[in-house]
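To keep things clear, I will list the structure first and then write my remarks on it.
The values are calculated or read from the model by the stated rules, or taken from the named source; none is laboratory data. Please read these numbers as outputs of a predicted model, since none were measured by experiment. Here Cβ is always computed from backbone atoms with ideal geometry, including for glycine, and neighbour counts include all displayed protein chains.
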């Protein structure tokens, strides 16, 4: 066997090509881009031509197709328990796995908090509940008599093709979660987006409301605020109009201030009409 360590990786391959009975060169056992680095290190080429090729960057989506306020209202107005569960997705920004593993004991209504245990990276975090989400969860608990170990997302108990009961004794599977989500979106008469769009909707609404990006990063459970900044750097038409309107307000305020200090000028005449 021929062993060659390149860039911290060890490559192994028989030293003889069985098909042609020829001995392989070391540079023939590695991908092309790495092979050129080997040739350069061995002074067999002056400069690696692959260095001149720019690295391809992953294309990021510029604008997320989030749910509108009207769609939010339709989704969260579904009959129990689905409307309350939609409230949780849209008002807490939970990931799918976090939602599937959410138990009633993780909800602290008195403190108006939801606690995520073992989120992405094994990290815990606390998310304050909106008033509407807290009320929806309180009604759900009252209607269904939720116990501390009950899971919020429910499974179905069937006999043949007939659903006879729901169960909350264990986390539902990913397929069952997607089926529930698609059925709920359809029942609300809303155009389908992936479940992760609920998380983007939550974050975007927080940022539009003026919430500091560092706080949004904490709510979402991001490792770094840079992740939040890179993900939500997008601007859609509504965001841009808001920015222009804020600039117009600031400009009008400055002109009015000038007009008040310097009476008789053109700016003062403009505001006296």
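Only one residue in 226, 218, 149 is exposed (fewer than 14 other Cβ atoms within 10 Å of the Cβ) and either part of a helix (DSSP H, G or I) or outside the structural domain of residue 106 (by TED's automatic domain parsing) (or both). Which one? Even if it seems obvious, please write down each step before you answer.
Values: 218 fails: exposed (fewer than 14 other Cβ atoms within 10 Å of the Cβ); 149 fails: either part of a helix (DSSP H, G or I) or outside the structural domain of residue 106 (by TED's automatic domain parsing) (or both).
Answer to the check: 226.
For residue 160, the test of being surrounded by fewer than 16 Cβ atoms within 10 Å (Cβ to Cβ), in the same structural domain as residue 94 (by TED's automatic domain parsing), under 23 Å from the mean Cα position of the chain (by Cα) and at pLDDT below 90 is failed. What do you reckon, is residue 245 more than 21 Å from the chain's Cα centre (by Cα), over 20 Å from residue 81 (Cα atoms) and either assigned to a helix (DSSP H, G or I) or not assigned by TED's automatic domain parsing to the domain that holds residue 87 (or both)? The answer is yes for residue 245.
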